[in-house]
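After the structure tokens below, expect a handful of questions from me.
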Amino acid sequence: MTIGFDFLLIALLFGSRSNLGVEYLAAWVLILGVSILAHELGHAFALRRYGINPVVRLWMMGGMTMSGFALTPRRALIVSAAGPAVGIAIGLVALLAQPAFNQGGLLEFVAINMVWVNLWWGAFNLLPIAALDGGNIATSAFMWAFGERGRTPAMLFVGLSSIVIAIVALAIGFTYLAVIVVIFSFFNPAPYLELWRILTGGARSGAGSAGYGGSRRSGSVSGAASSRPEPRRDTSPRPAAAVAMNARRQYGEAYLTTLGTRAGDANLDEIERAPAPLLSEVTAMVTRRDDAGLASRLMAEMDPVAAFAIVARLVDAKRVEKVIGELKRSEAAPGRDEALLKMQIGLHSVGQFQQSIAAAGALGSAGDAASALLVARSAARIGDRNLTRQALERVVALRGSASGQFAALTDTALGDIARIGADFKVGELLSQLRGQQVS
């Protein structure tokens, strides 16, 4: 758990508005901190039920419990509701105990504010405002009821509700609530962007299908003139940016086997279990559509979990193609090849197989055997036999060189390739790779 300086500063500012004495001001800060911590621990304990170890941070005007994992809608609803439930329960207990402290002084001040903070904060968090628990509960409820089809209606509902609440708050003079809606909109702009898209008649940006170079020598991106048949469209479910636990495990396995020694001291357990860091600057760059900044950020990122979080945000924001283009143009930039590999690995792990292949294609001749093997895995997942064979041929050609030393035929890799079904050529190439590994 961490306590941000911004949280203490805002708590002191609010307490100082009431002209409290030093001991009352200290009590107020303690009451606020304990109450919000209890709220966040409600989320944290709910997550622990599902085997996830979250990180709790008190910041700005509240707190945040970060896990870095996506949950099923039902579980997400339970986790989101657990925080307000704990706070409201504490508030009700304090309300029942309050008459015992009605003799004035510091104890009465503590009792009154324990009731006010916990009940008010719990009820406030249940409002369907973007980035608050109420908004998350509403989104989870829509998706629980309607599946992935409920995502857009949920965002429209939360966006409209947030705007209406802010307008009503201003109309009745509750400026503080309107300010909170505006501030939190920067941390979760998706509902407002979706609402704007609907109002303006804009279209969603589709996922492109830039091909992976079939040429063993160059590995360049193929255009429309390629003689290779276009792979079948990937229709697998699209995970959310918070990325599911199974996707994190797949990412960790692919990250370690594809990057090899370049992965540093990372290990699978850390990648799978570590909570995703708070990347507010990445969210801001996504909102501004600063694709060059996002490309630079990914090149500089050394933490595999943070890199995965960046890729997942790009998927949700439909900025993958743009950032791949920026990375392709940054051929001489330090960390560019590793950034494209991170993109390829992350996209494969969350089921964006076409875009994962496009990221590998942008590597050109810099793509090694490990990258080519991951292309084969992605191609097999979308049922493209020709591309699977071409990629495996490239792996065989590079496997004996220094650039191919990390092309590991793990159980997960073989499982992906097996999805292509019986194929004599693929089987022959895999046998050659096994022979290279033994030797």
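Note down, for the chain, the three equivalent ellipsoid semi-axes (square root of 5 times each alpha carbon gyration tensor eigenvalue), biggest first, whole angstrom.
Values for the chain, descending: 49, 22, 19 Å.
Which order do the peptides 87-95, 316-324 take when ranked by the mean count of other beta-carbon atoms within 10 Å per residue, highest first?
Numbers: 87-95: 19.0, 316-324: 20.8.
Listed from highest to lowest mean packing, they are 316-324, 87-95.
Sort 348-357, 262-271, 298-307 by packing, meaning the average of other beta carbons within 10 Å per residue, with the highest value first.
Numbers: 348-357: 26.4, 262-271: 13.5, 298-307: 19.6.
So the order, starting with the most tightly packed, is 348-357, 298-307, 262-271.
Give me the distance in nm between label points sitting 7 Å out from Cα along the Cα-to-Cβ direction at T152 and T410, one decimal.
Result for the modelled spin labels: 3.6 nm.
Order these by the 10 Å Cβ neighbour count, fewest first: W28, W59, W196. List each step's numbers first, then the result.
Values: W28 21, W59 18, W196 12.
Ranking W28, W59, W196 by Cβ neighbours within 10 Å, fewest first, gives W196, W59, W28.
Sticking with this structure for a sec: What residue among A339, A370, A38 has the largest mean-square fluctuation in a Gaussian network model of the chain, using Cα springs under 10 Å?
Taking springs between Cα atoms under 10 Å, the residue moving most is A38.
Taking other Cβ within 10 Å of each residue's Cβ, how do T200, T139, T283 sort, fewest first?
So the ranking, lowest neighbour count to highest, is T200, T283, T139.
Another one. Can you tell me how much longer the chain between I3 and L193 gets when fully stretched, taken as 0.36 nm per residue apart minus their C-alpha distance, in nm with one decimal?
Answer, rounded to one decimal: 65.3 nm.
Do the sum for the chain: with -39,500 (n - 2.57) for every DSSP H run of n ≥ 4, divided by all residues, what is the mean residue ellipticity at 222 nm, to the nearest 500 deg cm²/dmol?
-20500 deg cm²/dmol
To the nearest 0.05, what FRET efficiency results for Q432 and M302 with a Förster distance of 45 Å applied to their C-beta separation?
Computed FRET efficiency for Q432 and M302: 0.85.
Still on this model: Could you please state, rounded to a whole Å, how far the C-alpha centre of the range 101-159 is from the C-alpha centre of the range 300-322?
Taking the Cα centre of each part, the range 101-159 and the range 300-322 sit 29 Å apart.
Taken together, the values in this text are just the output of simple stated rules run on the coordinates, not laboratory data. Bear in mind that the values here come from a model prediction, so they are computed numbers and not experimental data. As a convention, Cβ positions derive from the backbone with ideal geometry for all residues, glycine included, and neighbour counts pool all protein chains shown.
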